[in-house]
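Read the structure below first, then the notes.
The values are calculated or read from the model by the stated rules, or taken from the named source; none is laboratory data. As the structure is a computational prediction, the values presented were derived from the model and not from experiment. Cβ placement follows ideal geometry from the backbone for every residue including glycine, while neighbour counts extend to all protein chains displayed. These accessible areas exclude ligands, DNA and RNA; they are computed on the full protein's heavy atoms, side chains included. Shrake-Rupley method; radii C 1.70, N 1.55, O 1.52, S 1.80 Å.
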Amino acid sequence: MAEKNVFDVAIIGLGPSGATFARLLDPNLKVLALDKKDDTENSFRKPCGGLLAHDAQKCFARFGLTLPLEVLVNPQIFAVRTIDLETGYERYYQRFYINMDRHKFDLWLKSLIPVHAEVRNGVTALDFEKRDDCYAITVRDKEKRETYYARYLVGADGANSAVRQRLFPDHKIRSYLAIQQWFPDTHKSPMYSCIFDRNLTDCYSWGVSKDDSFILGGAFPNKGARERFRMLKTKLAGVGFKLENPIKTETCLVLSPASSREFCLGGDRCFLLGEAAGFISPSSLEGMSYAFESAASLAGLFNRKSEVTLKDYRRATRGLRAKLMLKLLKKPFIMGHFLRKLIMRSGISSLKVAAQGCESSETAPPK
Ligand SMILES: Cc1cc2nc3c(=O)[nH]c(=O)nc-3n(C[C@H](O)[C@H](O)[C@H](O)COP(=O)(O)OP(=O)(O)OC[C@H]3O[C@@H](n4cnc5c(N)ncnc54)[C@H](O)[C@@H]3O)c2cc1C
């Protein structure tokens, strides 16, 4: 094996988790960082609501990072319009998300990776094989196939992680099919909306204005997902949503761990970060804060120790996993029909929103 192709750590995927991990690693480590997306027009783009939640903002505060204007979109929205399509209840709740262009955000995170890491963009990792004391990683770089070797392999390649599927094929994490469609935004006022309807999904759907576009998305059980999305659009058109002339449609897997056993941290000198490990909130599908936190935990271990074990990583992510389990307990209050109906009917924590901000009344009567 050629010396130039041998690394201490190989990172597969440079979304929020992989890019953060690469950024925080000690410069003495020889790091290879591979990512299938790049800055070209046809690049892979992660389908996402692009909302930076409070916990993710807190990670940025801890990292001492500030957000550049170029990743923000217009406008910033302070209330979420929550709609229960079954009961007809509609409420507004205060939220502190930052509304961003997700692709620009990802590219900016990658730009922060220091020059001592070897970053390869537009490269897809295809296969991983443990050989003696290192991993052989086969990649496709345009038309070429190449093999790299690394002592440690880090899978930061998202929900559909090839690393997890190849090396831990028996590990299953509950998933939904996320479908997002982009429309020209012709609503009277920009909005962020959360939509519930247990006839369509036991998860939820969302709508968010971004510059001149409106994104409607939802996480659906795999079976009949496209039909469910079509029905969602019909129902929303009935309550005033403007969903004509779609510009583009995106689909991808989104994980929603159903128990602590579903987290997949890795093993045998391979570690999984962010959503590849199942680190995503089952109650909101917020995943960026867990991507940042898991990346910082693992980087801290690599920077302190010459040998990192699964036991170390398990200990370092104990708090993060406990937090996710609390989110699982919260899920019935948000996604369970009965409790949500009670909460929305009571109006607890909701806001009265001035008429120009909305196109329907604060609380529609139950049908
Ligand atoms: C529709 C949708 C909306 C969401 N909205 C939000 C939101 O508003 N806010 C929020 O906090 N979370 C949201 N999430 C969750 C969030 O997007 C993820 O949890 C988060 O992006 C996980 O970060 P990550 O770095 O672990 O993985 P990812 O962001 O998925 O990044 C993995 C990267 O790996 C690369 N990659 C994948 N496979 C390979 C390969 N074989 N070879 C090389 N590179 C590879 C890709 O380029 C990809 O960018 C949403 C998820 C979905 C599906």
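A few remarks follow.
- Gyration tensor (alpha-carbon) shape descriptor, segment 157-221, a/c threshold 1.5: oblate
- Packing, as the average of other Cβ atoms within 10 Å across residues, places the peptides 20-27, 131-138, 258-265 in the order 20-27, 258-265, 131-138, highest first.
- Shown in residue order for segment 117-133 are the 3J(HN,Hα) couplings computed by the Karplus curve 6.51 cos²θ - 1.76 cosθ + 1.60 at θ = phi - 60°: 8, 8, 9, 10, 9, x, 10, 10, 7, 9, 8, 9, 9, 7, 10, 6, 9 Hz (x for Gly and Pro).
- Anisotropy class assigned to segment 220-294 is prolate, per the alpha carbon gyration tensor with a/c at or over the 1.5 cut-off and a/b larger than b/c.
- Of all the options 242, 233, 305, the one that moves most in a Gaussian network model of the chain with Cα springs shorter than 10 angstrom is 305.
- Proximal lysines to residue 331, defined as alpha-carbon separation beneath 23 angstrom and excluding residues fewer than eight positions away on the same chain: 58, 172, 223, 323, 341
- Judged by the ratio a/c of the largest to the smallest principal axis of the C-alpha gyration tensor, segment 1-68 counts as oblate, that ratio being 1.5 or greater while a/b is no larger than b/c.
- Mean accessible surface per residue for the chain, computed with a 1.4 Å probe while every protein chain stays in place, in Å²: 46
- Spatially proximal aspartates and glutamates relative to residue 104 (Cα-Cα < 19 Å; intrachain offsets below 8 disregarded): 35, 38, 39, 41, 70, 157, 211, 212, 250, 286
- Choice from 88, 274, 207 with maximal GNM fluctuation in the chain (Cα, 10 Å cutoff): 88
- Segment 209-367 - percent of accessible surface contributed by carbon and sulfur, probe 1.4 Å: 56
- Within the accessible area of segment 15-55 (1.4 Å probe), percent carbon and sulfur: 47
- Antiparallel DSSP beta bridges within the chain, as percent of all bridges there, nearest 5: 70
- Rounded to 10°, Cα long-axis angle of helix 337-346 versus longest principal axis of the chain: 60
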